[in-house]
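Working notes for the structure below.
Coordinate-derived values only; no laboratory data. In this text the structure is predicted, and so the values were computed from the model without any measurement. Positions of Cβ are backbone-derived with ideal geometry, glycine not excepted, and every protein chain shown enters the neighbour counts.
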Amino acid sequence: MNKIIFRIIIVFLAIAGLFLFLREFNWSKIFGLDDATQKLEQELGNQIWESMKSTENVDHDTMMMEVLDTIVNRLCASNQIQRSKIKLHLMENATANAFAMPGDYLIVHSGLFTNGCKTADQIAGVIAHELAHIEKNHVSRKITTQIGITALTTLVGGNAEAVKEAIRFFTSNAYDRSLEEEADLMAVTYMNESNLDPKALAETMDIFSEKSANPELEENLSWFSTHPASKERADYIRKESNKIKGKNYQKLQISQEYKEHFGW
Ligand SMILES: [Zn+2]
């Protein structure tokens, strides 16, 4: 068995075991095991990122990176999220997607600009949602709740497909419904605190709904397919946003040159 695959499996299983142990007994504080889990997640994230970097293209588009940096900086600064821990990376991939991986990795596909969102606020909505998955520890929970299927596939398979499987596991962004709702509502708070209109996330949902209504446009592993954007979700995001009164939101300003570059 390939060495890196073997290491990924071991770390994967160790995190799952430790997390289940912690949840069962809630001894994390006594033994300081939260730190151990975090270290393992970091290790797992680094290994997946290493293999991702060698199989996929990192995108060095400075305009996209500038917009993403601005958004992440602003969301973090306004919501007491430690910016330095977030490992933000842009991948050259036409599929409109963004996802969180263990170890506070936040991966964005260039397709989120060119094939999905039409404003920087909408992109901020997606990023806020993914930051919520990171901050609320949904990534750890995902590892443990879905460990059975994926770990078994990986172990039994034991071939080069295993790394792909690990990547696929995190890029297929589906968390269970309650976690998705929690991330949506958290994103509304994050946007609001950053003085950005949270309804932009609802707009994104509308775009996704339209796209998924047209099967020809829907692509595998996009935020569209992994976040089935029902009207219901857009509705509760709008409802939640409407509870907030008296805010004078500022739209993120994007120059004409940038808009043309993104195809907006
Ligand atoms: Zn999500």
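Couple of notes before you dig in:
- With the simple model of a label 7 Å out from the Cα in the direction of the Cβ, Leu185 to Tyr249 spans 1.9 nm.
- Placing a label point 7 Å from the Cα of Ala14 along the Cα-to-Cβ line, the residues of the stretch 128-142 whose backbone N sits under 17 Å from it are 140.
- For the stretch 59-64, 3J(HN,Hα) computed residue by residue from phi via the Karplus equation (6.51, -1.76, 1.60; θ = phi - 60°) reads 9, 9, 4, 5, 5, 5 Hz, glycine and proline entered as x.
- Remark: for residue pairs Lys85/Lys142; Lys136/Lys211; Lys85/Lys231; Lys199/Lys231; Lys142/Lys243, the C-alpha separation exceeds 23 Å in Lys136/Lys211; Lys85/Lys231; Lys142/Lys243.
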